[in-house]
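The next block holds one structure in the form of structure tokens; read it before the comments.
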Amino acid sequence: MLIGGYETTRAALERLWSETSYRMQSLRDDRACAEEELEGIDLRTYRSVTRLGFDARRDVAAPYVATGARPRAAILRDQGVNGQVEMGAAFHRAGFEAVDVHMSDLFEQRRSLEDFAVLAACGGFSYGDVLGGGGGWAKSILFDARVRDAFAAFFARSDTLTLGVCNGCQMLSQVKSLVPGAARWPRFVRNRSEQFEGRSVVVRVGATDSPWLAGMVGSVLPIAVAHGEGRVEFDAPEWDSRQARTVLRYVDGIGQPTERYPLNPNGSQGGVAGLTSTDGRALIMMPHPERVFRAIQHSWCPPEWDGDGPWLRLFRNARVALG
């Protein structure tokens, strides 16, 4: 770059611009994370990358939506949850009847999970995360026998799908005893950076037979994250991400799983970002697909992306799976 006789590189200018932030971050947050972010300015592996293994413009759910049938999706939230509007919009766009369901509706028996084909637990900060991410929400389910049994019955049905995003992911990981095939799911603890992370990252869809991710395997996609406790922690030291059915991983600029910050915003081993139950019907993920189901919602995306974004495929897949 040549500016009025002064020649330099973008990386050099970005380093200069970032110096003050780096020094503050080194004192306030995890120092190693601060150093990794600064060093990443010069690394090719820190660039953004996208690679779709499917046609994002194709509406795979269209034949099912055309029938006029709209399966009911419970957009589940609790005190402090804030992602229900985007979640409902994504399911509506994919051909569902999205129904706002607050936990109080279940406790007061105004709603029943028996009436729904899909349960989507939304993101946010239930109970201010004072008992850890999703902890209060999970305990409100586990400590109420009638509600606990209702959730167990829903998860046991072979004609249902479950999605947990961010706080919903954290909550479902703590009620995994109710979810068939989820025994080795991890819990989610404080980010390695010691701070809330709200940014765009890139994930890769791994090999899976989950109906949620049909046709998406191998794709590398940008996605939003917004969490303070997203680092995986397994119950037993011998367990690993493969045994836990990991299907989404944070990746670097060449599409490889990474633990480097900020490409991996929380420090999860092996870049773990999302997991399924053994039958694939339950999917939990820390990133937010519902916040980027339209191309325009991305902070950056390839110019050829327009209208519906690639992450809408996840919600359309659910509609296809229900027939």
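Are there helices (runs of 4 or more DSSP H) fully within segment 57-147 with at least 3 residues that are open to solvent by less than 40 Å² (accessible area, probe 1.4 Å) and modelled with pLDDT of 95 or more? List them.
Details: elements: 62-65, 84-93, 103-107, 135-142.
Helices (runs of 4 or more DSSP H) meeting the threshold: 84-93, 103-107, 135-142.
Restricting segment 219-234 to residues that are under 17 Å from Gly198 (Cα atoms) and in a loop (DSSP other than H, G, I, E, B) leaves a set whose member that is least open to solvent (accessible area, probe 1.4 Å) is Gly230.
Going through Pro237, Pro262 one at a time, which residue ends up being in contact with a helix residue (DSSP H, G or I) (Cβ under 8 Å, 6 or more places away or on another chain) and in a loop (DSSP other than H, G, I, E, B)? Of the residues listed, the single one that is in contact with a helix residue (DSSP H, G or I) (Cβ under 8 Å, 6 or more places away or on another chain) and in a loop (DSSP other than H, G, I, E, B) is Pro262.
Residue count for segment 256-272 satisfying the condition of being open to solvent by less than 20 Å² (accessible area, probe 1.4 Å), over 16 Å from the mean Cα position of the chain (by Cα) and without any contact (Cβ under 8 Å) to a residue 60 or more places away in the chain: 0. Within segment 235-250, being surrounded by 23 or more Cβ atoms within 10 Å (Cβ to Cβ) and over 20 Å from Arg281 (Cα atoms) holds for one residue alone: Tyr250.
Only residues that are surrounded by fewer than 22 Cβ atoms within 10 Å (Cβ to Cβ) and either touching a helix residue (DSSP H, G or I) at 6+ places or on another chain (Cβ under 8 Å) or of a type in the set (A, V, I, L, M, F, W, C) (or both): list them for segment 292-308, please.
From segment 292-308, those surrounded by fewer than 22 Cβ atoms within 10 Å (Cβ to Cβ) are 294-308; that's our starting set.
Correct list: Arg294, Ala295, Ile296, Gln297, His298, Trp300, Cys301, Trp305, Asp306, Gly307, Asp308.
Scanning segment 20-76 for residues that are more than 22 Å from Arg294 (Cα to Cα) and in contact with a Leu (Cβ under 6 Å, 6 or more places away or on another chain) turns up just one, Tyr22.
Residues are listed down the side, and each one gets a yes or a no for (1) aliphatic (A, V, I, L, M); (2) in contact with a helix residue (DSSP H, G or I) (Cβ under 6 Å, 6 or more places away or on another chain); (3) at pLDDT 95 or above; (4) under 29 Å from Phe96 (Cα atoms):
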site: Gln269; (1), (2), (3), (4): no, no, no, no
site: Gly274; (1), (2), (3), (4): no, no, yes, yes
site: Pro287; (1), (2), (3), (4): no, no, yes, yes
site: Phe315; (1), (2), (3), (4): no, yes, yes, yes
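The values are calculated or read from the model by the stated rules, or taken from the named source; none is laboratory data. Everything numeric in this text was worked out from a predicted model, so none of it was measured. Quick reminder, even Gly has a Cβ in these numbers, built from the backbone with ideal geometry, and neighbours come from all protein chains shown. Heavy atoms of the whole protein, side chains included, go into the accessibility calculation; ligands, DNA and RNA do not. Shrake-Rupley method; radii C 1.70, N 1.55, O 1.52, S 1.80 Å.
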